[in-house]
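Participant: Here's a structure for you.
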Amino acid sequence: MNLAGWSEIALTLALVAALAIPISALIARIFAGQDTFLSPALAPVERAFFRLAGVDPHKEQSWLGYTTAMLTFSAVGFVSLYALQRLQNHLPLNPVGFDAIAPDLAFNTSVSFVTNTNWQNYSGESTMSHLTQMLGLTVHNFLSAATGLAMAFALVRGFTRSSVTTVGNFWIDMTRITLHVLLPLSVVFAFVLVALGVPQTLQGSIDATTLEGAKQVISIGPVASQEAIKELGTNGGGFFNANSAHPFENPGAWSDLLEIVALLLIPVASVFAFGRAVGDPKQARAILASMAIFLVAGVGAVYAAETYGNPILKTLGVDSSAGNMEGKEVRFGQAMSALFATGTSGTSTGAVNTMHDSLTPLGGLVPMFNLLAGCIWPGGVGAGLYGFLVVAIIAVFVAGLMVGRTPEYLGKKIEAREMKLAMLAVLIYPLVVLGFTSASVLLKTALDSLNNTGPHGLSELLYAYASTSANNGSAFAGLNGATLWFNTTLGLAMLVGRFACVIPVLALAGALAAKKKVPASAGTFPTDGPLFVGLLFGVIVILYLLQYFPALSLGPIVEHFLMLDGKTF
């Protein structure tokens, strides 16, 4: 580690914060149903969409109606994307002539992109036609991200409203988020990427001559447009199998910087918008400070572990002055690789500019723990905000028990029903992750897909189910997930991680909206200062360590001590 590396990290995070503030104002105006600076151009488009869909823009929905609309929309998206993959060999814009996608892989991929996970059990450049990439994957990168932020809007309305039965209108929220936030930002970012060297073409491939004089066919396509929303929508699904380590997705240092900024931008802006919505920016700063503690601590841990390197390689006479560079791009360096790995797993992005399977055990532990916690610092688009607010509700309940008063958060009393819904949302992740991991270690068909045995093999399995349950999509690259078992179980993990979690969250939104707001009193626990930040930190550490410490002990932690002892698997 050095000052230059930390300066790169600090400047990148400062740029995120600076850009997030004006974006948060835009998101807050959409949340409030107000016009934005784009409304003169986009309002007619909105009205046309609403007329075609038969949506009354003045009618709101109960939490159940909101949930039903979201589930219906997602189901239609799944079916259409599945059909597109199965029929791509009969459809246009297939310049390479790809075959239809196998049923189990099409199921996995459809679930993956509808849930904002973007787990990829395939190589995009050698499997998907341009039409599938654009009409299927890129479109769902927009829609799944907009759906996540819409659900966060619904929960925030639960805090801002009093004695009402509605939490907004899903169709309006999703449409306006797409048109006013995701689409314009993606267009701008795509043009910047093209200027930096990212391809944007309908051509299938180009022929290149190598330094040895041989001929090589290199796949290209509409990369920049997918890359832009991949990062801004915290999706992560790359056009190429190597993802953001591929020079056509991430050509150099400037594109790497901008991609890190993009994947953190909207999640951070959403927290600032939350402060604007509740009329108290201090509440947002407390939430963001808690997120920042985990994010920065994670970056420091990965940076330290990777620059220290692998002592086994040192004993073999390998130059260790640059630390552990296996699986990393020299053009990005240790500092930005550490920030990318931590940021992409602290959000639900899942894009990678370094292979997480090649990280040292403690370096790999950080993104794994981020996934196990649900990718909530700062989280995915919308998903991070509502996930962290659920943890905040649990924290104020704990505080209420300690002081002997009814817990309150943002003027709403947290009672038995709210706590049951919050705990249901939180406990779904360990049930899915640990359940499917346990089943996999008992099945030969699953173990045959592992590239490693012992603790690292367990880490590959644990990481895969943590990533899919948290709708992240990154992977320990040693796992071959393109089998019937993994295509099916990982797909189920994505479905449960997205929808079984958000249904109690939306029910919580409805329960909070129906409650009266109560004014703060002398006995109200303050939730806008350092004391609350400390409480959130403690609750998160205790909650997630109790759930996952045994599994982590058998995976990356024991692997670390074996590495120090000179043993590998």
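Here, each number is a calculation from the coordinates, and none is a lab measurement. From a predicted model like this one, the values you see are computed outputs, not experimental measurements. Note that each Cβ is placed from the backbone with ideal geometry, even for glycine, and that neighbours are counted across all protein chains shown.
Participant: List the residues whose amide H sits under 5 Å from the amide H of V381, counting only those 5 or more places along or on another chain, with H placed 1.01 Å from N in the peptide plane.
Facilitator: Counting only residues 5 or more places away or on other chains, the set is S348.
Participant: Between the stretch 221-260 and the stretch 293-350, what is the C-alpha centre distance in whole Å?
Facilitator: Each part reduced to its Cα centre gives a spacing of 20 Å.
Participant: Given [x] 24.7, 91; [y] 31.5, 116; [z] 22.9, 79 as candidate values of Rg and Dmax of the Cα atoms in Å, which corresponds to the one derived from the coordinates?
Facilitator: Given [x] 24.7, 91; [y] 31.5, 116; [z] 22.9, 79, the calculated one carries the label [z].
Participant: On a full-extension model of 0.36 nm per residue, what is the gain between A439 and L15, subtracting their alpha-carbon distance, rounded to one decimal in nm?
Facilitator: Values: separation 424, 0.36 × 424 = 152.64 nm, distance 4.36 nm.
Extending this stretch completely gives an extra 148.3 nm.
Participant: If you only keep lysine pairs separated by 8 or more in sequence, or across chains, how many in the chain come under 13 Å at the Cα atoms? Each step should come with its number before you reach the end.
Facilitator: Values: K412/K515; K412/K516; K412/K517; K413/K515; K413/K516; K413/K517.
Counting lysine pairs in the chain gives 6.
Participant: G221: net charge of surrounding residues, Cβ under 14 Å, Lys/Arg +1, Asp/Glu -1, itself excluded? Let's see the in-between values first.
Facilitator: Values: positive: K230; negative: E125, E227, E249.
Once all neighbours under 14 Å are counted, the net charge is -2.
Participant: Which value, in debye to the nearest 20, gives the size of the charge dipole of the stretch 30-175 about its Cα centre, when Lys and Arg are +1 and Asp and Glu are -1 at the Cβ? Before the final figure, lay out the partial values.
Facilitator: Values: 6 positive and 8 negative charges, 61 e Å.
Roughly 300 debye for the stretch 30-175.
Participant: Let me ask something else about it. How would V45, V223 line up from fewest to most surrounding beta-carbon atoms within 10 angstrom? Walk me through the numbers before you get to the answer.
Facilitator: Numbers: V45 12, V223 26.
Fewest to most other Cβ atoms nearby, the residues stand as V45, V223.
Participant: Hey, what did the stretch 3-278 get for relative contact order, percent, Cα under 8 Å, at least 6 apart?
Facilitator: Numbers: 358 pairs, mean separation 73.0, N = 276.
Relative contact order of the stretch 3-278: 26 percent.
Participant: Here's another thing I want to ask about it. Dipole of the stretch 3-278 (Lys/Arg Cβ +1, Asp/Glu Cβ -1, origin at the Cα centre): which of V268, S162, L258 lies farthest to the positive side?
Facilitator: The listed residue farthest towards the positive side: S162.
Participant: Let me ask another. Kindly put L365, L232, L554 in sequence by how many other C-beta atoms sit within 10 Å of each C-beta, fewest to most. Spell out each step's value before the answer.
Facilitator: On the way: L365 22, L232 27, L554 16.
If I rank by nearby Cβ atoms, fewest first, I get L554, L365, L232.
Participant: Can you give the relative contact order of the chain as a percent, counting alpha carbon pairs under 8 Å and 6+ residues apart? Let's see the in-between values first.
Facilitator: Working: 1002 pairs, mean separation 112.4, N = 569.
Taking the mean separation of contacting Cα pairs over the length of the chain, I get 20 percent.
Participant: Please identify the trypsin sites (Lys or Arg not before Pro) of the stretch 480-546 that satisfy two criteria: DSSP loop assignment and at most 14 other Cβ atoms within 10 Å. Which are they? Walk me through the numbers before you get to the answer.
Facilitator: Numbers: sites: R498, K515, K516, K517; in loops: K515, K516, K517.
Listed in order of number, the matching sites are K516.
Participant: Shifting gears a bit: What percent does the relative contact order of the stretch 256-411 come to when contacts are Cα pairs within less than 8 Å and at least six residues apart?
Facilitator: 25
Participant: Oh, and also: Using a simple charge model, +1 on the beta-carbon of Lys and Arg, -1 on the beta-carbon of Asp and Glu, nothing else, what dipole does the chain show about its Cα centre, in debye to the nearest 20? Numbers along the way, then the final one.
Facilitator: Values: 27 positive and 30 negative charges, 402 e Å.
Computed charge dipole of the chain: roughly 1940 debye.
Participant: Specify whether the C-alpha gyration tensor of the stretch 3-278 places it in the rounded, prolate or oblate class, a ≥ b ≥ c being the square roots of the eigenvalues: rounded for a/c under 1.5, otherwise prolate if a/b is larger than b/c and oblate if not.
Facilitator: Here the stretch 3-278 falls in the oblate category.
Participant: Right, another one. What does the charge dipole of the stretch 3-278 about its Cα centre add up to, to the nearest 20 debye, if the Cβ of each Lys and Arg holds +1 and the Cβ of each Asp and Glu holds -1? Before the final figure, lay out the partial values.
Facilitator: On the way: 11 positive and 16 negative charges, 190 e Å.
It works out to roughly 920 debye.
Participant: While we're here: For the stretch 408-416, what does the Karplus curve 6.51 cos²θ - 1.76 cosθ + 1.60, with θ = phi - 60°, yield as ³J(HN,Hα) per residue in whole Hz, taken in order and with x for Gly and Pro?
Facilitator: Those phi angles translate into 9, 9, 6, x, 10, 6, 9, 10, 4 Hz.
Participant: Apply the Karplus parameterisation 6.51 cos²θ - 1.76 cosθ + 1.60, with θ equal to phi minus 60°, to every residue of the stretch 309-326 and state each ³J(HN,Hα) to the nearest whole Hz, in sequence, with x for glycine and proline.
Facilitator: Ordered by residue, 3J(HN,Hα) equals x, 9, x, 5, 5, 4, 5, 8, x, 6, 4, 10, 5, 9, x, 7, 9, 4 Hz.
Participant: Something else: Given a Förster radius of 41 Å and the C-beta distance between K413 and R331 as r, what FRET efficiency does 1/(1 + (r/R0)^6) yield to the nearest 0.05?
Facilitator: Details: r = 54 Å, r/R0 = 1.31.
E(calc), rounded to 0.05, equals 0.15.
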